[in-house]
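Asker: Here it is, the structure, as C-alpha coordinates.
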Amino acid sequence: VNVKEGEIAKVTVSIDAQNEQNYTFKSSLKFSNDLLSFKDWQWSDKWMPISIGEYDLVDNLQGKIVKTGGYPGGISGQKVFGTITFVAKKSGKGIVSFDGNNSFILNADNEDTLNK
(Lines give C-alpha, C1' and ligand atoms only; values in the text may rest on other atoms or scores of the structure.)
Protein backbone atom coordinates (compact mmCIF):
# COMPACT_ATOMS: atom_id res chain seq x y z
CA VAL A 1 0.00 0.00 0.00
CA ASN A 2 1.07 3.57 -0.65
CA VAL A 3 -0.55 6.00 1.80
CA LYS A 4 -0.41 9.51 3.19
CA GLU A 5 -0.60 10.22 6.92
CA GLY A 6 -4.20 10.04 8.20
CA GLU A 7 -5.44 8.38 5.00
CA ILE A 8 -7.81 5.39 5.10
CA ALA A 9 -6.63 2.30 3.21
CA LYS A 10 -8.91 -0.67 2.49
CA VAL A 11 -7.66 -4.16 1.67
CA THR A 12 -9.98 -6.89 0.38
CA VAL A 13 -9.22 -10.43 1.54
CA SER A 14 -10.40 -13.25 -0.75
CA ILE A 15 -10.37 -17.04 -0.46
CA ASP A 16 -9.75 -19.50 -3.28
CA ALA A 17 -10.99 -22.99 -2.38
CA GLN A 18 -9.44 -24.37 -5.60
CA ASN A 19 -12.47 -26.35 -6.82
CA GLU A 20 -12.79 -28.41 -3.63
CA GLN A 21 -15.79 -27.92 -1.33
CA ASN A 22 -14.49 -26.16 1.81
CA TYR A 23 -16.33 -24.80 4.82
CA THR A 24 -14.03 -23.13 7.37
CA PHE A 25 -11.34 -20.56 6.66
CA LYS A 26 -8.67 -18.98 8.86
CA SER A 27 -6.81 -16.04 7.36
CA SER A 28 -3.67 -14.78 9.09
CA LEU A 29 -2.25 -11.53 7.78
CA LYS A 30 0.79 -9.41 8.59
CA PHE A 31 0.99 -5.67 8.02
CA SER A 32 3.51 -2.84 8.31
CA ASN A 33 2.67 -1.74 11.85
CA ASP A 34 5.03 1.23 11.68
CA LEU A 35 2.89 2.65 8.86
CA LEU A 36 -0.62 1.24 9.36
CA SER A 37 -3.04 0.86 12.24
CA PHE A 38 -5.97 -1.57 12.03
CA LYS A 39 -9.33 0.20 12.26
CA ASP A 40 -12.05 -2.25 11.18
CA TRP A 41 -12.91 -5.61 9.63
CA GLN A 42 -16.08 -5.98 7.54
CA TRP A 43 -17.24 -9.54 6.79
CA SER A 44 -18.45 -10.33 3.29
CA ASP A 45 -21.97 -11.74 2.79
CA LYS A 46 -23.02 -14.95 4.58
CA TRP A 47 -19.77 -15.59 6.49
CA MET A 48 -20.24 -16.83 10.05
CA PRO A 49 -17.40 -15.46 12.26
CA ILE A 50 -15.55 -17.68 14.72
CA SER A 51 -14.66 -15.16 17.40
CA ILE A 52 -12.69 -17.09 20.02
CA GLY A 53 -9.03 -17.17 21.03
CA GLU A 54 -6.44 -17.35 18.28
CA TYR A 55 -9.17 -17.54 15.61
CA ASP A 56 -10.03 -13.84 15.98
CA LEU A 57 -7.11 -11.55 16.73
CA VAL A 58 -5.99 -8.02 15.99
CA ASP A 59 -2.56 -6.94 17.24
CA ASN A 60 -1.50 -3.46 16.10
CA LEU A 61 1.79 -3.75 18.04
CA GLN A 62 2.85 -6.92 16.19
CA GLY A 63 1.16 -6.02 12.89
CA LYS A 64 -1.04 -9.12 12.85
CA ILE A 65 -4.68 -9.83 11.99
CA VAL A 66 -6.37 -13.24 12.23
CA LYS A 67 -9.98 -13.78 11.13
CA THR A 68 -11.73 -17.14 10.96
CA GLY A 69 -15.17 -17.94 9.61
CA GLY A 70 -17.40 -20.62 8.25
CA TYR A 71 -19.45 -20.47 5.09
CA PRO A 72 -22.87 -22.23 5.15
CA GLY A 73 -22.94 -24.91 2.45
CA GLY A 74 -19.25 -24.34 1.72
CA ILE A 75 -17.54 -22.84 -1.31
CA SER A 76 -15.46 -24.43 -4.04
CA GLY A 77 -14.12 -21.39 -5.86
CA GLN A 78 -13.18 -17.81 -5.11
CA LYS A 79 -15.09 -15.73 -2.58
CA VAL A 80 -14.46 -12.41 -0.84
CA PHE A 81 -13.81 -13.13 2.85
CA GLY A 82 -13.83 -9.56 4.15
CA THR A 83 -12.38 -6.07 3.96
CA ILE A 84 -9.82 -4.56 6.32
CA THR A 85 -9.75 -0.84 6.97
CA PHE A 86 -6.45 0.70 8.05
CA VAL A 87 -5.49 4.24 9.03
CA ALA A 88 -2.06 5.48 7.95
CA LYS A 89 0.12 6.58 10.86
CA LYS A 90 2.49 8.37 8.47
CA SER A 91 3.10 8.71 4.75
CA GLY A 92 4.91 5.92 2.94
CA LYS A 93 4.78 2.48 1.37
CA GLY A 94 3.98 -0.65 3.34
CA ILE A 95 3.01 -4.27 2.98
CA VAL A 96 -0.06 -6.30 3.89
CA SER A 97 0.78 -9.98 3.37
CA PHE A 98 -0.83 -13.38 3.79
CA ASP A 99 0.74 -15.73 6.37
CA GLY A 100 0.10 -19.19 4.91
CA ASN A 101 1.83 -20.96 7.80
CA ASN A 102 -0.84 -19.73 10.24
CA SER A 103 -3.86 -19.99 7.94
CA PHE A 104 -6.06 -22.89 6.87
CA ILE A 105 -8.95 -23.94 4.65
CA LEU A 106 -10.93 -26.92 5.97
CA ASN A 107 -13.08 -29.35 3.97
CA ALA A 108 -15.98 -31.49 5.23
CA ASP A 109 -13.51 -34.01 6.74
CA ASN A 110 -11.77 -31.22 8.69
CA GLU A 111 -8.67 -31.61 6.48
CA ASP A 112 -6.58 -28.53 5.69
CA THR A 113 -6.67 -28.16 1.90
CA LEU A 114 -4.46 -25.03 1.95
CA ASN A 115 -1.42 -26.67 3.54
CA LYS A 116 -1.55 -30.14 1.94
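Asker: State the three equivalent ellipsoid semi-axes of the chain, derived from the C-alpha gyration tensor as the square roots of 5 times its eigenvalues, in descending order and whole Å.
Answerer: Each semi-axis is the square root of five times an eigenvalue, giving 27, 13, 12 Å.
Asker: Over the chain, what percent of the accessible surface lies on carbon and sulfur atoms, probe 1.4 Å?
Answerer: 45 percent
Asker: State whether the stretch 64-106 is rounded, prolate or oblate according to the following rule on the C-alpha gyration tensor (a ≥ b ≥ c being the square roots of its eigenvalues): a/c under 1.5 gives rounded; otherwise a/b larger than b/c gives prolate, and the remaining case gives oblate.
Answerer: prolate
Asker: Sticking with this one: What's the center-to-center distance, using Cα atoms, between the stretch 1-49 and the stretch 63-100 in Å?
Answerer: Measuring centre to centre over Cα atoms gives 1 Å.
Asker: Need one number: nm distance between label points at TYR55 and PHE98, each 7 Å from Cα along Cα→Cβ, rounded to one decimal.
Answerer: Each label point is offset 7 Å from its Cα along the Cβ direction, giving 2.1 nm.
Asker: In square angstrom, rounded to the nearest 10, how much accessible surface does ASP40 have for a 1.4 Å probe?
Answerer: Taking all protein chains as shown, ASP40 has close to 70 Å².
Asker: Excluding TRP41 itself, calculate the net charge of residues whose Cβ lies under 14 Å from the Cβ of TRP41, where each Lys or Arg counts +1 and each Asp or Glu counts -1.
Answerer: Net of charged neighbours comes to +2.
Asker: Just the number please: accessible area per residue for the chain, 1.4 Å probe, all protein chains included, in Å².
Answerer: I get 58 Å² per residue for this part.
The values are calculated or read from the model by the stated rules, or taken from the named source; none is laboratory data. What you see is a predicted model; the values in this text were computed from it and never measured. Glycine also receives a Cβ, built like all others from the backbone with ideal geometry; neighbour counts cover every protein chain displayed. Note: accessible area is taken over every heavy atom of the protein model, side chains too, but ligands, DNA and RNA are not part of it. Shrake-Rupley method; radii C 1.70, N 1.55, O 1.52, S 1.80 Å.
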